[in-house]
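The values are calculated or read from the model by the stated rules, or taken from the named source; none is laboratory data. Given the structure is predicted, the values throughout are model-derived calculations rather than measurements. Cβ: placed from backbone, ideal geometry, glycine included. Neighbour counts: every protein chain shown. Just the protein is used for accessible areas: all its heavy atoms, side chains included, with ligands, DNA and RNA removed. Shrake-Rupley method; radii C 1.70, N 1.55, O 1.52, S 1.80 Å.
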Amino acid sequence: MKFPKYLKVAAVNVWPYYIFIDPKNTTEFSGIEGELLKLLAERLKFDYTLHLPTDDQQFGFKDASGNWTGIKGMISREEVDMAIASLGIREEEFYLAEISVPYSDEQKTFTSDLPRPLPKYTVLINPLSLYVWIALVICFTLLPVVFYFLKIHKNHYGNVSNEEKCGRPTKHNPQNIATRILEGFWIVSNTLLGFIYTSAILSVLTVENKGNVIRSFEELAVLLDSRKYKCMLLKGNVVSNILIRSNLKHLRNIGSVIKSYHDTYIPSEYQMKPFGENRVVLGSKLLFQIMHGSTKYISDHSFEVVSVGIFLKKGFCCMNRLNTVLLRIASAGLYEKIIRDVAFKQEERISSSFNHTTGVMNLDLNALSGIFFVLLMGYFTSLVLLLLEIVYNRWQRKENNFK
């Protein structure tokens with residue numbers, strides 16, 4: 001049977017899958033799935049018209065009444081012949097449409113704004129972890145007590161006994177030997193600690209110090225459940241339904257929260273601006289990488305890896321021929337080339353709009369401002385204490401003179 005000469009194709013107005021010069025004119029377009037459609041039409045020699053979903057649900061999902069929305073609803077109602085929009089292949093979709101062989105795969109993850117730079121004074125704290133600081137505080141608190149019980153005076157360094165001054169031989173007191181060993185270890189450890197801390201500060205100063213970021217779905221579940229963060233999703237996204245059916249409790253919690261509490265994510269609106277305070281976006285990792293590049297934090301964790309295929313109305317005549325051409329396009333690397341071309345254009349756009357700084361930077365006054373601030377505060381505190389001591393000393397003298 002010959003391949004049809006004309007097909008109605010369902011598409012979505014979502015960048016970068018379809019990029020329309022004018023949303024009202026669906027004949028001029030590009031984008032990842034748009035270029036794939038052009039390749040298929042050229043090889044299989046068919047004409048087509050694009051049709052966007054009228055319910056504004058884009059990709060589509062099964063609603064509470066059991067009906068499909070978006071382009072999936074258009075396929076199930078046979079309003080179109082084909083839907084090409086990076087649609088994930090899942091078990092429930094086999095009941096609504098014929099599905100082609102997979103031509104790609106898609107990871108589902110989350111992204112957020114990059115963390116803000118930390119105040120400059122934190123460079124003095126960050127080189128060592130919390131537990132190291134606690135250990136140091138304990139050591140510097142206990143060691144004076146130990147020295148006291150060993151009868152070491154405050155001016156013990158460099159002291160010489162009376163017997164040594166008179167030239168008499170001194171007896172080796174075991175207690176003195178133990179004390180000197182302790183002093184030796186104290187001096188060595190103090191010196192090494194100073195070198196380690198100094199080198200750690202230098203390494204931290206040359207890299208911009210930023211705050212923490214959410215890295216896992218476990219952390220995200222806690223923040224969403226406490227309403228400290230809010231999630232954004234593409235219109236007609238099935239992410240919440242997938243998460244609710246997960247075997248992992250924290251993913252089910254995320255699904256329950258975002259099903260009743262989320263905002264709409266429109267990729268084209270966030271190309272050059274932040275998501276906002278305490279917001280994350282759940283969706284395709286490929287979409288985030290192309291759209292935002294290095295301007296956003298994209299998690300390495302994923303809650304789903306799904307194959308991507310073309311949806312066709314039930315009883316489509318030429319599935320085998322379509323699959324053959326689709327596999328050739330994927331095997332030849334043409335689909336990957338389309339993705340790289342779209343990503344390259346977006347990367348150029350991002351590079352021209354943002355001033356990127358390298359990870360390692362030269363030390364300047366701004367980088368050292370935190371250290372100088374702490375130093376000046378120390379000098380100021382010392383000066384205040386000196387003045388208080390002078391005032392107190394004079395007051396004591398007056399008191400003694402009256403007596």
Pair list, Cβ < 9 Å and 6+ apart or interchain, from the range 103-127 residues that are over 30 Å from Gly255 (Cα atoms) to residues that are at pLDDT below 90 and assigned to a strand (DSSP E or B): Pro117/Lys210; Leu118/Lys210
Pro4 surrounded by fewer than 20 Cβ atoms within 10 Å (Cβ to Cβ), within 19 Å of Asn320 (Cα to Cα) and modelled with pLDDT under 95: yes
Any hit, the range 212-220, residues being open to solvent by 20 Å² or more (accessible area, probe 1.4 Å) and in a helix (DSSP H, G or I): yes
Residue match in the range 187-195 (condition: at pLDDT below 75 and either touching a Leu at 6+ places or on another chain (Cβ under 8 Å) or of a type outside the set (D, E, K, R) (or both)): no
Residue that is farthest from the chain's Cα centre (by Cα), among those in the range 32-88 that are under 22 Å from Gln107 (Cα atoms) and aromatic (Phe, Trp, Tyr): Phe61
Residue check for Leu37: touching a strand residue (DSSP E or B) at 6+ places or on another chain (Cβ under 7 Å) and assigned to a helix (DSSP H, G or I): yes
Test: residue in the range 11-28 that is touching a strand residue (DSSP E or B) at 6+ places or on another chain (Cβ under 6 Å), farther than 30 Å from Gly293 by Cα and modelled with pLDDT under 95: no
Lone unmet requirement of (1) outside any loop (DSSP other than H, G, I, E, B); (2) buried (at least 18 other Cβ atoms within 10 Å of the Cβ) for Lys259: (2)
Failed item, numbered, when Ile201 is tested on (1) modelled with pLDDT under 75; (2) closer than 24 Å to Phe288 by Cα: (2)
Leu182 vs. criteria at pLDDT 75 or above and among the aliphatic types (A, V, I, L, M): no
Matching option when the condition is touching a residue at least 12 places away in the same chain (Cβ under 8 Å) and touching a Pro at 6+ places or on another chain (Cβ under 8 Å), among Gly236, Gly255: Gly236
Enumeration of residues in the range 238-256 that are open to solvent by less than 30 Å² (accessible area, probe 1.4 Å) and either assigned to a loop (DSSP other than H, G, I, E, B) or out of contact with any helix residue (DSSP H, G or I) (no Cβ under 6 Å at 6 or more places or on another chain) (or both): Val238, Val239, Ile242, Ser246
Test for Pro169: is it modelled with pLDDT of 80 or more and assigned to a loop (DSSP other than H, G, I, E, B): no
Conditions (1) open to solvent by less than 70 Å² (accessible area, probe 1.4 Å); (2) not in a loop (DSSP other than H, G, I, E, B); number of the one not met by Arg43: (1)
Filtered residues of the range 16-34 (kept if among the β-branched types (Val, Ile, Thr), outside any helix (DSSP H, G or I) and surrounded by 20 or more Cβ atoms within 10 Å (Cβ to Cβ)): none
Residue count, the range 222-237 (criterion: open to solvent by 10 Å² or more (accessible area, probe 1.4 Å), farther than 17 Å from Gly73 by Cα and of a type in the set (A, V, I, L, M, F, W, C)): 2
Search result, residues across the range 52-72 that are open to solvent by less than 60 Å² (accessible area, probe 1.4 Å) and not in a loop (DSSP other than H, G, I, E, B): Trp68, Gly70, Ile71, Lys72
Count of the range 297-320 residues which are touching a helix residue (DSSP H, G or I) at 6+ places or on another chain (Cβ under 7 Å), open to solvent by 20 Å² or more (accessible area, probe 1.4 Å) and of a type outside the set (Gly, Ala, Ser): 5
Residue that is surrounded by the most Cβ atoms within 10 Å (Cβ to Cβ) [pool: residues in the range 73-95 that are assigned to a loop (DSSP other than H, G, I, E, B) and in contact (Cβ under 8 Å) with a residue 40 or more places away in the chain]: Val80
